[in-house]
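Please read the structure below before turning to the comments.
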Amino acid sequence: MPDATPTDFRPSFNPEPWVRPNIRTLTPYHAARDDYHEGILLDANENSFGPAIPTGLPLHRYPDTRLNDLRQKWADFRGIQMEQVFVGVGSDEAIDLLMRVFCEPGRDEIIITPPTYGMYKVAARVNNVGVTEAALTKNFELDARTVLNRVNPHTKLIMLCSPNNPTANVLNQAEIERILKDFKRLVVVDEAYIDFSDSGSLCHLMETNPNLVILQTLSKAFGMAAIRMGAALAHPKVIEWMMKVKAPYNVNRLTADAAMQAFDHSESMRDKIRQIIAERNRLASTLAGHPDVQTIFPSDANFLLVRMRNALHWYRRLAERGVIVRYRGDQVHCEDTLRITVGTTPENDRLISELHDPENAPDH
Ligand SMILES: Cc1ncc(COP(=O)(O)O)c(C=O)c1O
C-alpha cells in the first residue's frame, strides 16, 4: 500500500473553471533552466565572464524559476506541503497575480471589507477589475452575511485581512469559515501580521476549505521588508495556476538566499515579536494618558490605531517634527484616527514627548 500523504489535497477540487479563459489556454514561458541546470551553461545568454561588480556571488546567473527549496522551508514552517506555497515579490505580487489569473478585466469583480489594506483596490483598478465594498461593522468586525449579500455572478475573489490593516484586530474565525463555506470561489485571507497575534495562522483550514488562499510576508514579523518576499498558500492546483502566469524569474537570487536564511532564525524573529508587543503595550498605556486621545483600539499587530481629537493636526505637526505616522481618518469608521507603527523604545519616547510638548498643541 502506498504511504498516506499528510494532506490529500482534495483531489476532486479543480479550480480550472474559475481561471480566465485566456489563461487556461496559455502556453507559459519555458525558461532555459527548466530542463537542464548543471554543466557548461551556454543556454541563457548570460555573461559567462561574470558580474561587473566584484562579488563572490554568481550574480551573472538567472535565479531558479520554481524555488522549491524556499517553498519547502516556508511549508515546513507552517506545517503544510511545498506544493501549497507560491513565493513572489512581496505579497503584493500574489495579490496582483490572483486578480490576473481569476478575474476577467472589464467584467469581473472582487469584494473588499473596508477599512482595509489599500492594495486590494489598487491592484483591482490596475487590472480593470471591479471593486465591491462590504464594510466591517463599526467595531471593525467581519459580518459574513453583509459580505455574502454582496456576491453576484461576477464576484471572483473575496479579500479579507486578518489581523486587519489599519484596524489591527483579528477577524472572527467563524465568520471567515462561513464565507469559505458559502462562497463557491476563492477567499483570500491576508495574514501579513499574523505572527504578532496569539490567534495563529488559518493554514489548517486549507485542508477542509480548498478555496482558501492565505497571504503571508517576510516584511513584518521577520523584519525583512527590503528584500520583497511574500507568499500565497493555497491548494496546489491554485498555486500551479499562479506559477503558470508569474514572470519566470520573479524572485531574485539575493532575495531568495536571504529568505532561505530567515526560517533558520525564527527564534530571533520571535524574540523581536516579544519586544514589539512589550513596546506596543507600553506605548498604548502611555498614549492613553494624553488629553487628546479618545480610543486606543486593541491590537493584534505591530501598530496601534488611535482615535484622537485633532488627529489631522497631530499627523501634520508630528511630521514637521520628524515623526511620521499615518492619518487614517479618511477611511470608513476610522474618523479622527492615526495609525502608529510601534517603534523602538527611543522612537516611541520621542513620539510621546512630541505629543506632550505644549508647543505642538493645536491651540498654540
Ligand atoms: C495587510 C497587508 N498585506 C500586505 C502588505 C504588503 O506586504 P509585502 O511587503 O509582502 O508586499 C502590507 C503592507 O503594509 C499589509 O499591510
If the cut-off is a Cα-Cα distance under 22 Å, which lysines reach Lys237, setting aside same-chain residues fewer than 8 apart in sequence?
Lys73, Lys156, Lys181, Lys184, Lys246
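Could you give the length gained on full extension between Arg309 and Ala278, defined as 0.36 nm per residue of separation minus the Cα-Cα distance, in nm?
8.6 nm
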Please figure out what share of the DSSP beta bridges in the chain is antiparallel and state it in percent, rounded to the nearest 5.
50 percent
Taking the Cα centre of each part, how many Å lie between the range 186-207 and the range 231-254?
19 Å
Rh by Kirkwood over Cα pairs, then Stokes-Einstein D for the range 59-112 at 1.002 mPa s and 20 °C, µm²/s:
161 µm²/s
Past the 24 angstrom mark, what percentage of all C-alpha to C-alpha distances in the range 1-118 do you count?
53 percent
Given 5 Å bins starting at zero, what is the percent of C-alpha pairs of the range 267-360 in each, up to the one with the largest pair distance?
3, 14, 25, 27, 18, 9, 4, 1, 0
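To the nearest 20 debye, what charge dipole does the chain have about its Cα centre, counting +1 at the Cβ of each Lys and Arg and -1 at the Cβ of each Asp and Glu?
Dipole of the chain, to the nearest 20 debye: 720 debye.
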Give me the one-decimal nm value for the distance between modelled label points at Lys181 and Arg107, 7 Å along each residue's Cα-to-Cβ direction.
3.2 nm
Considering the Cα positions of the chain, please state its Rg to one decimal place and its Dmax as a whole number of Å.
22.4, 80
Apply the Debye scattering formula to the range 62-156, with a single equal point scatterer on each alpha-carbon and no solvent, then give log10 I(q)/I(0) at q = 0.11 Å⁻¹.
-0.45
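Every number in this text was worked out from the coordinates using simple rules, so none of it is lab data. Fair warning: this is a prediction, and the values are worked out from it, not measured in the lab. Note that we place each Cβ from the backbone using ideal geometry, even for glycine, and neighbour counts take in every protein chain shown.
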